[in-house]
Amino acid sequence: MQRIGVFVCHCGSNIAATVDVKKVVEMVQQEPGVVHAEDYQYMCSEAGQAKIAAAIKEKHLTGMVVCSCSPRMHETTFRNAAKKAGLNPYMVEIANIREHCSWIHKDMEEATKKAVILARAAIAKVNLNAPLTPGESQVTKRALVIGGGIAGIQTALDIADAGYEVDIVEKTPSIGGRMSQLDKTFPTLDCSSCILTPKMVECAQNENITIYSYSEIEAVTGFVGNFSVKIRRKKRYVDETKCTGCGICTEKCPVKNVPSAYDLGLKNHRAIYIPFAQAIPNVAVIDGDYCNKIQKGKCGVCARFCSAGAINYEQEDQIVEEKYGAIIAATGYNPISLDGYDEFAYSQSKDVVTSLEFERILKADGPTEGHLERLSDHKQPKTLVFVQCVGSRQSGDATHGGCGKEYCSKICCMYTAKHAMLCREKYPDTDVYVFYIDVRTPGKNYDEFYRRAVEQYGVHYIKGMVGKVSPQADGSLMVQASDLLSNEQLHIKADMVVLAAAIEPDKTARPLATMLTASIDTNNFLTEAHAKLRPVESPTAGIFLSGVCQGPKDIPETVAQAGAAAVKAIGLLAKDKLTTNPCTAKSDELLCNGCSTCANVCPYGAISYEDKQVNDHGIRETRRVAVVNTALCQGCGACTVACPSGAMDLQGFSNRQIIAEVDAICR
């Protein structure tokens, strides 16, 4: 029988306000194996840890249970305290009586009863615990950044500057992301390309950075410090090592009707193209869906004019496999689809555009070369209406085809103010109306920026919602809206309507999260390990988050988070070895029937099979049995659930221990 100590934390009033801590101490003293129980205001404090150490030594404890907050918060704290006092750290169990109990119950009697049950279950588990010893694994000193936007670029540069090799995988033909499509950036209104392009060039020139453009992640295996990643390099039909970026092929190609993804389909480019002037790498790519040579076997003009001989119509996808110690997700965002918002006439009129499309119109390399024009007749609009929160702060129900997002997209208020100011500055004769629910400007100098739009530039901000936009026979747009402050219905004859569409994670976020075994929330944003204390770390060790993949944010916040993610990755790469989790799977050779079920479900490739001599009750025979590589095993438990013969068990979380916990709860 173990000698168990139970330590109950008040957590200030977080636990003690709802749970009768003294009664919990009194009740757990009656449990088998418990030789010591006490409570303290803050068990995680130095004084609290000193009490734990003293009890371990005085009572000769062989196991302990701490009734406190979530093990995600302080399990490491209490394990280290036990280790310093001479107790094996894996003989420590946490009963979460805060998140699982005091925070969700109002009735003290009910909460106290549940706290006792949780403590009882933890005690039952400790009674069956055995000391475990962690192992070690080597760290691959190379990082992978998934996504080549400003978040990925900044993360890669910071890691490379620390002296570590880093690869950027970007699914489009060039790095730069959404920021490369922008004209000006708030709140300083400096040129987006002017501040982004130097960083893109720096990435290309940095010896520690390898850019895999026009590539996607195919598969991820392994664990923290030792990830194995397959990268699919998509066929661009152009040899990157030969192409000089001269652009002659893009001028000679006869196919001119390919919608430009960079310009959001507002203008076309040729079948062979370079995405934009500052593209990195500055290499052409052929759109195989439109190329006459690839589709029909006729043409080949680009190959004839390419003096470098870079065109290769037979090129196929390539799979590159690399090892990494850390992975940083920086997959970015997309504006939501507006198919469910017919009331704004987005699909009916070319003059109803999204904010990102309006950004392309304002930019010098855009479809109108920076001139403010209506897309329908290329005339300058005199009256513009901006509609805020299109898809943001709405329920994602069937009212808009399930397109709505309950969260605030965070950047819309500021970029709408930017657009309104730019219109009024360049075209003072325009009337600009902004319909909003609330104006949210929480950043540094942001509120001053918004007030400039109202006070200095004379933008009409109207608190209210637009109900309908109706295209008129003369080409104008009739905007029906409400002014909630004056309680009036408004009808504005506009020349152009700009919709501030909500943003959502890139479509690759969900499949990528599956490959990385990372957590995502209901909106497909990657989830951080702790919202306040570990905001750039995924719950999956070795996976870090950078930029909008974790939640809506503007450029300054994205760059700040990118730097933070880089620092965390550098801290990991700086280690030569990592301590491995000793709670690994173990196979009972007498029960294993060699069916391979466990190996098929193992996400880390930790299980193999060997032919072994087995002594089964005096009968010696050779059997095919499962063997677990403890260096690879991460203790996920998938094999223990899948094993049909019950041969697989998890050290520290054995079937006996789990059943003992259930029995203790049901007593």
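The values are calculated or read from the model by the stated rules, or taken from the named source; none is laboratory data. If you're wondering where the values come from, they're calculated on a predicted model, not measured in any experiment. We place every Cβ from the backbone using ideal geometry, glycine too, and count neighbours over all the protein chains shown. Note: accessible area is taken over every heavy atom of the protein model, side chains too, but ligands, DNA and RNA are not part of it. Shrake-Rupley method; radii C 1.70, N 1.55, O 1.52, S 1.80 Å.
Taking θ = phi - 60°, what integer Hz values does the Karplus form 6.51 cos²θ - 1.76 cosθ + 1.60 yield along the range 369-381, in sequence order, with x for Gly and Pro?
Whole-Hz 3J(HN,Hα) from phi for the range 369-381: 6, x, 8, 6, 9, 6, 6, 6, 10, 6, 8, 6, x.
With no solvent and one point on each alpha carbon, what is the Debye value of log10 I(q)/I(0) for the range 246-286 at q = 0.23, 0.35 Å⁻¹?
Reported log10 I(q)/I(0), two decimals: -0.73, -1.26.
If you plug each phi of the range 646-658 into the Karplus form 6.51 cos²θ - 1.76 cosθ + 1.60 with θ = phi - 60°, what whole-Hz ³J(HN,Hα) values come out, in order, with x for Gly and Pro?
Per-residue couplings from phi come out as x, 6, 8, 9, 10, 5, x, 9, 6, 4, 4, 5, 5 Hz.
Give the Rg/Rh ratio for the range 563-667, taking Rg as the radius of gyration of the Cα atoms and Rh as the Kirkwood radius, to two decimals.
In the range 563-667, Rg relative to Rh is 1.11.
Remind me, relative contact order of the range 6-73 in percent, using alpha carbon pairs under 8 angstrom and six or more residues apart?
Here the relative contact order equals 44 percent.
In nm, to one decimal, how far is the modelled label at Glu218 from the one at Ala54, with both set 7 Å along Cα→Cβ?
6.2 nm
Please report the relative contact order for the range 183-272, taking Cα pairs under 8 Å with a sequence separation of at least 6, and give it as a percent rounded to a whole number.
Reported relative contact order: 14 percent.
Taking N as the number of residues in the range 205-259, what value does Rg over Cα atoms divided by 2.2 N^0.38 Å take?
So the Cα radius of gyration is 1.65 times the expected 2.2 N^0.38 Å.
Starting from the Cα coordinates of the range 344-490, work out the convex hull volume and express it per residue in Å³.
Cα-based convex hull of the range 344-490, divided per residue, equals 129 Å³.
Sorted by average packing, counted as other Cβ atoms within 10 angstrom per residue and highest first, what order do 638-646, 64-72 take?
64-72, 638-646
For Val627, list long-range residues whose amide hydrogen, built 1.01 Å from N in the peptide plane, is under 5 Å from its own amide hydrogen.
Hits under the 5 Å cutoff: Ser608, Tyr609, Glu610.
Over the chain, what is the mean sequence separation of C-alpha contacts under 8 Å (at least six apart), divided by residue count, expressed as relative contact order in percent?
13 percent
Out of all DSSP beta bridges in the chain, what portion is antiparallel? Express it as a percent rounded to 5.
Beta bridges within the chain, antiparallel portion: roughly 55 percent.
Can you send over the carbon and sulfur percentage of the accessible area for the range 282-335, probe radius 1.4 Å, protein chains only?
42 percent
Please give the peptides 436-448, 50-62 ranked by average Cβ packing (other Cβ atoms within 10 Å per residue), highest first, as a rough proxy for protection.
Packing proxy ranking, top to bottom: 50-62, 436-448.
Determine the alpha carbon to alpha carbon distance for each of Lys199/Lys444; Lys350/Lys493; Lys507/Lys553; Lys405/Lys426 and list only those over 26 Å.
Lys405/Lys426, as the Cα separations exceed 26 Å there.
Taking the mean number of other Cβ atoms within 10 Å as a proxy for protection, how do you rank 339-350, 182-193 from highest to lowest?
Descending mean neighbour count gives 182-193, 339-350.
On average, how much accessible surface per residue is there in the chain, in Å², for a 1.4 Å probe, leaving out ligands, DNA and RNA?
Using a 1.4 Å probe on heavy atoms only, each residue of the chain averages 45 Å².
Roughly to the nearest percent, how much of the accessible area of the range 168-248 is carbon and sulfur, given a 1.4 Å probe?
The value for the range 168-248 is 50 percent carbon and sulfur by accessible area.
What's the center-to-center distance, using Cα atoms, between the range 603-667 and the range 237-309 in Å?
55 Å
Once Rg/Rh (Cα atoms, Kirkwood Rh) is worked out from the coordinates, which option in [x] 1.05; [y] 0.96; [z] 1.00 does it equal?
Looking at Rg/Rh (Cα atoms, Kirkwood Rh) for this model, the match is [x].
Compute the normalised compactness of the range 441-522: alpha-carbon radius of gyration over 2.2 N^0.38 Å, N being the residue count.
1.67
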